[in-house]
Every structure is written in C-alpha cells, then in structure tokens.
Amino acid sequence: MDAPLTVQDLHKTYAQVPVVDGLSFVLKKGQCFGLLGPNGAGKTTTLKLCLGLTAPNAGHITLAGLPIPAEAKTARRRIGVVPQFDNLDPDFTVSENLFVFGRYFGLTRADIEPRLTWLLQFSGLENKRDARISTLSGGMKRRLTLARALVNDPDILFLDEPTTGLDPQARRLIWDRLNTLKNAGKTLLLTTHFMDEAERLCDQLIIIDNGRKIAAGSPGELIAQHIEPQVVETLGDAGEILADSAGLHGVRVEKTGETTFFYCQDAQSLLATLAGKNLRTLHRAATLEDVFIRLTGRELRD
C-alpha cells in the first residue's frame with residue numbers, strides 16, 4: 001500500500017458555501033501527516049470526506065487502496081480513529097470498552113484477548129483493566145481512546161486533536177506512543193491546534209484556510225520558506241523601540257496586546273537596541289506557530 005490515502009481536487013459545499021475547495025494531498029506509508037488550519041478552515045469536513053462519512057461534490061479519494069465513498073465500509077475496517085472528544089462507554093470497564101468496540105470490526109473476544117495485554121500496556125492502563133470509566137483521569141481516558149482505536153490493528157490512524165485538554169505530562173506520553181506507532185510502520189493523519197505538537201510529530205503537513213491549501217511541506221521547510229529565522233518578543237510598551245527606525249533595520253514587527261514580535265534574520269543589533277529598556281524580552285528561533293500565524297492571521301476564529 002504505497003499511498004494509504006490519496007486526495008485529489010476535493011470539493012465540498014454546504015448551502016452553496018465551499019467548505020473544502022480543491023484540496024489535494026497524499027499520505028505516504030509510515031509517516032505522520034498533519035492537517036492544520038484555524039477553526040472553520042475545513043479540517044473536520046476533510047476528515048469526514050476521507051472516511052466516507054459524507055460524500056464530496058467533486059474530487060477523488062482513495063483510502064487503504066479503495067475508492068471513497070464507494071468502498072468506505074470496507075476501507076474503514078483497516079482504519080483507527082481517535083475522535084476529538086472521548087466517547088467511551090461509561091457503563092463498561094476499561095477492558096469491556098475494548099472488547100465491545102472490537103465487535104464493530106467483527107472481532108470476537110477470542111480475537112481481542114491476545115492483543116488485550118499489549119493494548120493495556122501500550123496505554124499505561126495495565127493496572128486499570130477492570131476499572132470503571134468514571135474512575136479514570138482525563139489522561140487515562142485519552143490513552144484508552146487511543147488504545148481502542150488500535151483494537152483492529154489498523155494500517156492508518158486518524159487523530160483529531162488527540163491531546164486537547166491534557167496536561168503537559170499526559171501530552172508528552174501521548175506523543176511518545178504516537179512515535180512508537182509511527183516507528184512500527186503505522187501511518188498517522190493528525191489534526192491539532194498545538195503547533196509544537198505538529199512540529200514534533202509530523203513528517204509532512206499542509207495548512208489549509210477557507211477550504212484551500214495555503215502551504216505544504218515538512219515543519220522545517222515551512223519555517224525556512226515563510227518566516228524569518230529569529231524572533232524577539234517583548235512584553236510592555238515598545239513605543240520607544242518602534243519609533244527608533246535605525247534599530248529596526250530589516251526587522252518585521254507585529255503587535256498583539258502588550259506583546260510586540262520582532263522577526264529578523266539576525267537579532268543581535270535589535271537585542272543591543274533593547275538592552276537597558278524596561279521590557280521583558282524573549283529571544284528565540286522561529287517556530288511552526290509563527291508560520292501558522294503569519295499565513296492565517298492573528299484574528300480569533302470561532
């Protein structure tokens with residue numbers, strides 16, 4: 001399966017408004033592919049189209065070697081999905097959630113039992129086999145949702161904001177598990193609003209806005225192509241600095257609230273200008289978040 005997922009010139013319209021507008025991308029086997037964009041960009045609709053949960057107005061999708069939506073039911077037998085919000089059954093224990101979910105794939109208890117120990121160990125829940133869902137922490141529930149998505153040993157894993165609402169320790173544990181899956185040859189499709197997560201996990205990604213692809217490449221490539229390499233952030237009144245044009249030669253400036261962002265090729269002269277000023281200053285390398293903000297804007301999306 002050279003291309004686990006292929007999307008070509010995909011279109012979807014609701015009430016005559018284009019939600020997905022000519023989108024094309026290809027997932028390669030064993031890679032983590034990121035689908036990024038602000039709220040309302042078309043990410044969720046794209047996932048639904050790829051899974052055959054809704055039909056496109058135009059375009060072609062091949063998932064697990066099968067045409068979508070015509071063969072979606074068959075293709076989904078080889079797919080795992082981690083939804084944005086946990087939908088575990090509170091009436092069942094941890095192990096019962098895995099057994100019952102396996103029935104959707106035609107798996108019997110005898111089929112799942114040999115994998116159960118590994119699934120519980122993988123999710124760090126080996127001591128919670130008989131625990132009720134209500135007794136689990138948020139991080140445990142999220143890890144169980146990931147384990148449940150693996151119950152059918154899928155080739156491709158769809159991850160819709162898998163670490164939303166988790167503390168830093170739980171997020172890092174999920175990252176470790178996802179890297180383990182990738183190293184084992186699984187293909188991951190990730191949507192996330194955490195740019196550090198995408199930068200850490202994704203081999204390739206696309207950024208979409210208003211249903212259109214506006215950038216594509218590896219995280220490193222996108223940073224090199226779309227943003228200056230050095231960033232200096234200041235917190236406080238930077239009016240004096242902004243008025244000193246001599247100290248800002250070759251510097252691009254953006255301001256949000258009390259924070260001013262200075263983007264530049266070399267920050268040394270700027271840092272010298274800032275020295276001695278009554279400003280809290282952070283000097284750092286540019287990140288994928290800087291790229292995302294530059295391409296999609298700083299305005300709040302609902």
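The values are calculated or read from the model by the stated rules, or taken from the named source; none is laboratory data. Predicted, not measured: the structure shown is a model, and the values here were computed from it. Backbone-built Cβ (ideal geometry, glycine too); neighbour counts: all protein chains shown. Surface areas here come from the heavy atoms of the whole protein model, side chains and all, with no ligands, DNA or RNA. Shrake-Rupley method; radii C 1.70, N 1.55, O 1.52, S 1.80 Å.
For His226, what accessible area in Å² do you get when you roll a 1.4 Å probe over the heavy atoms of the protein chains, rounding to the nearest 10?
Answer for His226: close to 50 Å² accessible.
Once you mark the GluC sites (Glu not before Pro) that are in a DSSP loop and have at most 16 other Cβ atoms within 10 Å, what is the longest gap between them in the chain? Each step should come with its number before you reach the end.
Working: sites that count: Glu71, Glu126, Glu258, Glu299.
With GluC sites (Glu not before Pro) excluded where exposed in loops, the chain gives 127-257 as its longest stretch.
Would you mind computing Rg(Cα) / (2.2 N^0.38 Å) for segment 1-65, counting N as its residues? Kindly include the intermediate steps, with their values, before the conclusion.
Working: Rg = 11.7 Å, N = 65, 2.2 N^0.38 = 10.7 Å.
Cα-based Rg divided by the globular estimate yields 1.09.
Below 16 Å, Cα to Cα, which aspartates and glutamates can Lys182 reach? Residues fewer than 8 away in the same chain don't count.
Asp2, Asp153, Asp155, Glu197, Glu199, Asp203
Would you please classify the overall shape of segment 1-131 from the alpha carbon gyration tensor, given that a ≥ b ≥ c denote the square roots of the eigenvalues, rounded means a/c under 1.5, and beyond that prolate means a/b larger than b/c while oblate covers the rest? Before the final figure, lay out each step's value.
Working: a/c = 2.28, a/b = 1.93, b/c = 1.18.
Prolate, because a/c is 1.5 or more and a/b exceeds b/c.
If one computes the Cα centroid of segment 121-140 and of segment 174-190, what distance in Å separates the two points?
Segment 121-140 and segment 174-190 have Cα centres spaced 20 Å from each other.
Only bridges whose two residues both fall in the chain count here: according to DSSP, what percent of them are antiparallel, nearest 5? Spell out each step's value before the answer.
Values: 39 of 55 bridges.
Of the beta bridges lying entirely in the chain, close to 70 percent run antiparallel.
Could you calculate the FRET efficiency of Ala216 with Asp130 from 1/(1 + (r/R0)^6), where r is the beta carbon distance between them and R0 is 41 Å, rounded to 0.05?
So the FRET efficiency works out to roughly 0.35.
So what's the net charge close to Gly80: Lys and Arg +1, Asp and Glu -1, counting the other residues with Cβ under 11 Å from its Cβ? Walk me through the intermediate numbers first.
Working: positive: Arg76, Arg77, Arg78, Arg148, Lys186; negative: Asp153, Asp155.
For residues surrounding Gly80, the net value is +3.
Give me the tail of P(r) for segment 62-189 as a percent: Cα-Cα pairs with distance above 27 Å. Let's see the in-between values first.
Numbers: 1211 of 8128 pairs.
Considering segment 62-189, 15 percent of its Cα-Cα pairs are separated by more than 27 Å.
Would you kindly derive the ³J(HN,Hα) couplings of segment 37-50 from the backbone phi angles with the Karplus curve 6.51 cos²θ - 1.76 cosθ + 1.60 (θ = phi - 60°), listing them in order in whole Hz, with x for Gly and Pro?
Result, rounded to whole Hz: x, x, 4, x, 6, x, 5, 5, 4, 4, 4, 4, 5, 5.
Summing -39500 (n - 2.57) over the DSSP H runs of n ≥ 4 in the chain and dividing by its residue number, what mean residue ellipticity at 222 nm do you reach, to the nearest 500 deg cm²/dmol? Mind dumping the intermediate values first?
Working: 11 runs with 99 residues, N = 302.
Per the formula, -9500 deg cm²/dmol.
List, largest first, the extents of the alpha carbons of segment 141-248 along their principal axes, each in whole Å.
For segment 141-248, the Cα spread along each principal axis is 62, 29, 27 Å.
Hey, what do the phi angles of segment 133-143 turn into as Karplus ³J(HN,Hα) couplings, whole Hz, using 6.51/-1.76/1.60 and θ = phi - 60°, x for Gly and Pro?
Ordered by residue, 3J(HN,Hα) equals 4, 5, 8, 8, 6, x, x, 5, 4, 5, 5 Hz.
Choose one of Ala149, Leu235, His283: the residue whose Cα lies farthest towards the positive end of the charge dipole of the chain (beta-carbon charges +1 Lys, Arg; -1 Asp, Glu; about the Cα centre).
Ala149
Hand me the chymotrypsin sites (Phe, Trp or Tyr not before Pro) from segment 74-155 located in a DSSP loop with no more than 13 other Cβ atoms within 10 Å, in residue order please.
On the way: sites: Phe85, Phe92, Phe99, Phe101, Tyr104, Phe105, Trp118, Phe122; in loops: Phe85, Phe92.
Filter output for segment 74-155: Phe85.
Scan around Asn57 for amide H atoms under 5 Å from its own, H built in the peptide plane at 1.01 Å from N, and keep only partners 5 or more places away or cross-chain.
Sorted by chain and number, the residues that satisfy this are His11, Lys12, Thr13.
Tally Lys and Arg at +1 and Asp and Glu at -1 over the other residues with C-beta under 9 Å from the C-beta of Asp203: what net charge comes out?
Numbers: positive: Lys28, Lys182; negative: none.
Neighbourhood net charge equals +2.
In Å, what is the Rg of the alpha-carbon atoms in segment 171-215, and how long is Dmax?
11.8, 35
Would you mind checking segment 42-62 for residues with the amide N under 15 Å from a putative spin-label position 7 Å along Cα→C-beta of Gln84?
Counting only backbone N, you get 42-49.
Using only Cα atoms, tell me the angle between helix 109-122 and the longest principal axis of the chain; keep it within 0 to 90° and round to the nearest 10.
30 degrees
Rounded to the nearest whole Å², what accessible area per residue is found for segment 120-204 with the 1.4 Å probe? Before the final figure, lay out each step's value.
Details: 3430 Å² over 85 residues.
On a per-residue basis, 40 Å².
Helix 168-183 sits at what angle to the longest principal axis of the chain, using alpha carbons and giving 0 to 90 degrees rounded to 10?
Once rounded, one gets 60 degrees.
Going by the alpha-carbon gyration tensor, a ≥ b ≥ c the square roots of its eigenvalues, is segment 71-121 rounded (a/c under 1.5) or, if a/c is not under 1.5, prolate (a/b greater than b/c) versus oblate? It would help to have the intermediate numbers written out before the result.
Values: a/c = 1.77, a/b = 1.20, b/c = 1.47.
It comes out oblate by the Cα gyration axes.
Computed from the mean reciprocal separation of all distinct C-alpha pairs, what Kirkwood hydrodynamic radius does the chain have, in Å?
On the way: mean 1/r = 0.0469 Å⁻¹.
About 21.3 Å, per the Kirkwood formula over Cα pairs.
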